[in-house]
Amino acid sequence: MIVASAGTTDVGIIDPLDAIADLAENYNLWFHVDAAYGGAFLLAALENEDGSTTKDQFKGIERSDSVTIDPHKGFFLPYGLGALVVKDINTLYKTNSFKANYLQDTYNAVEPSPSDLSPELSKHFRGLRLWLPLQLLGEAPFKAALEEKILLTRYFYQAVQQIGFQVGPYPELSICTYRYVPEDQDANEFNHLLAQKLREDGRFFVSTTNIASVNWLRLAVVSFRTHLTEIDAYLQFLKQLIDELAPVTIQEH
Ligand SMILES: *Cc1c(COP(=O)(O)O)cnc(C)c1O
């Protein structure tokens with residue numbers, strides 16, 4: 001099988017799914033896409049700088065055999081709501097169904113029981129947590145919130161550079177990596193210290209990552225409560241920390 005990512009946890013980048021689908025097809029392999037974080041963003045209909053759309057980034061996902069999607073991430077719903085979507089129901093049935101004497105009354109059901117399609121026999125009605133909000137609110141507020149999160153990340157990507165930070169790749173979804181490189185201190189240690197100061201303050205939860213031995217801070221906008229006010233307050237605090245911890249020395253002539 002081939003497993004591709006549609007929104008990596010670390011930096012939110014989407015693999016070239018269409019090209020990978022070609023490979024899977026050529027070699028007759030099961031094609032799985034991990035869209036746990038990214039999948040919900042298929043609802044967003046924003047235009048990118050090059051004229052493509054958010055949806056174009058996912059091209060090829062429709063050719064996969066299975067997709068992981070976490071409504072407890074991109075749909076902002078309660079935890080414990082992870083989903084696996086499989087194209088061919090028979091493969092699920094063959095993998096998970098079993099017979100037992102005490103189950104004989106269930107054999108003539110008109111449609112497969114959920115217990116024949118997943119590992120659990122007795123199970124929670126988890127789907128209700130996704131079905132009900134969609135019934136009550138429809139798709140629109142989810143779409144609007146997801147588009148807002150992408151726009152906030154793009155805004156942050158520009159704004160954080162204006163206060164002197166380096167950035168990683170242009171954000172494809174709602175994650176942006178950034179770091180400050182001070183004049184006369186070790187950059188990895190400095191960004192580690194920044195993250196520590198941010199956590200001590202307690203208003204913002206910021207995580208870090210290490211890519212090829214380089215420490216980066218991660219902005220991951222995944223809460224429905226994060227709006228422009230919060231991003232601006234965060235930028236202001238970052239600027240304040242930089243002024244305190246890495247004052248730029250003005251050369252006197
Ligand atoms: C979060 C995440 C997972 C794990 O999902 P959980 O629901 O936290 O178990 C898997 N893959 C990706 C890409 C993720 O972002």
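The values are calculated or read from the model by the stated rules, or taken from the named source; none is laboratory data. If you're wondering where the values come from, they're calculated on a predicted model, not measured in any experiment. A quick note on method: Cβ atoms are made from the backbone with ideal geometry, for glycine too, and the neighbour counts reach across all protein chains shown.
In the stretch 185-205, the residues that are more than 15 Å from residue 234 (Cα to Cα) reach residues that are surrounded by fewer than 16 Cβ atoms within 10 Å (Cβ to Cβ) with C-beta atoms within less than 8 angstrom, at least six apart or across chains, in these pairs: 187/181; 187/214; 188/213; 188/214; 190/181; 190/245; 193/245.
Would you mind stating whether residue 93 is over 21 Å from residue 69 (Cβ atoms), in a helix (DSSP H, G or I) and either in contact (Cβ under 8 Å) with a residue 40 or more places away in the chain or not β-branched (Val, Ile, Thr) (or both)? No, not satisfied.
Among the residues of the stretch 136-154, are any within 16 Å of the ligand (Cβ to nearest atom) and of a type in the set (Lys, Arg)? Yes: the stretch 136-154 contains one or more residues that are within 16 Å of the ligand (Cβ to nearest atom) and of a type in the set (Lys, Arg). For the stretch 39-52, a tally of residues being within 17 Å of the chain's Cα centre (by Cα) and not aromatic (Phe, Trp, Tyr) returns 7.
Listed by first and then second residue, the pairs linking a residue in the stretch 32-52 that is assigned to a helix (DSSP H, G or I) to a residue that is among the hydrophobic types (A, V, I, L, M, F, W, C) and within 14 Å of the ligand (Cβ to nearest atom), with Cβ atoms under 6 Å apart and 6 or more places separating them unless they lie on different chains, are 39/69; 40/75; 41/173; 42/58. Are any of the residues in the stretch 60-80 within 14 Å of the ligand (Cβ to nearest atom), free of Cβ contacts under 8 Å to residues at least 12 places away in the same chain and assigned to a loop (DSSP other than H, G, I, E, B)? Among the residues of the stretch 60-80, at least one is within 14 Å of the ligand (Cβ to nearest atom), free of Cβ contacts under 8 Å to residues at least 12 places away in the same chain and assigned to a loop (DSSP other than H, G, I, E, B), which makes the answer yes. The set of residues in the stretch 124-148 being assigned to a loop (DSSP other than H, G, I, E, B) and surrounded by 12 or more Cβ atoms within 10 Å (Cβ to Cβ) consists of 126, 127.
The criterion of at least 3 residues that are more than 20 Å from residue 37 (Cα to Cα) and at pLDDT below 95 is met by none of the strands (runs of 3 or more DSSP E) falling completely within the stretch 149-233.
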